[in-house]
1. Considering only residues that are over 14 Å from A27 (Cβ atoms), among the small types (G, A, S) and out of contact with any helix residue (DSSP H, G or I) (no Cβ under 6 Å at 6 or more places or on another chain), which ones fall in the range 40-69?
2. May I ask you to say which residue of V40, V35 is surrounded by 11 or more Cβ atoms within 10 Å (Cβ to Cβ), modelled with pLDDT under 75 and of a type in the set (A, V, I, L, M)?
Amino acid sequence: MDELQQPKSEGSVWGGFGLAAAINVGATIVGIVTVVVPFVIGVVQAAWIIPMVLSFRKSGKRETAKGVIIAAAITFLLNAGCWGLVATIGLGSMH
């Protein structure tokens, strides 16, 4: 009698998104406290996103890796938009 094999889980896009979003929130809180991370969020994000995505892909959790990439892309776009606004109107006029 053949046993039915369960398909191997590839993770969850929402799980990866939630994990990356939680790490981004944590980095933001640390950044507000230390006043360092907001200026280098791209470098800090790349330092944990790349290994995390590679690890999820290696373990076969491709969907979770996609969620992490989506959250990282949203963070990048928000960061770029905010810095674009700051570059356009300057910090001096934001009071």
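The values are calculated or read from the model by the stated rules, or taken from the named source; none is laboratory data. All of these numbers come straight from a predicted model, not from anything done at the bench. Cβ coordinates were reconstructed from backbone atoms using ideal geometry, including for glycine residues, and neighbour counts include every protein chain displayed.
1. S55, S59, G60
2. Values: V35 fails: surrounded by 11 or more Cβ atoms within 10 Å (Cβ to Cβ).
Just one listed residue meets the conditions, V40.
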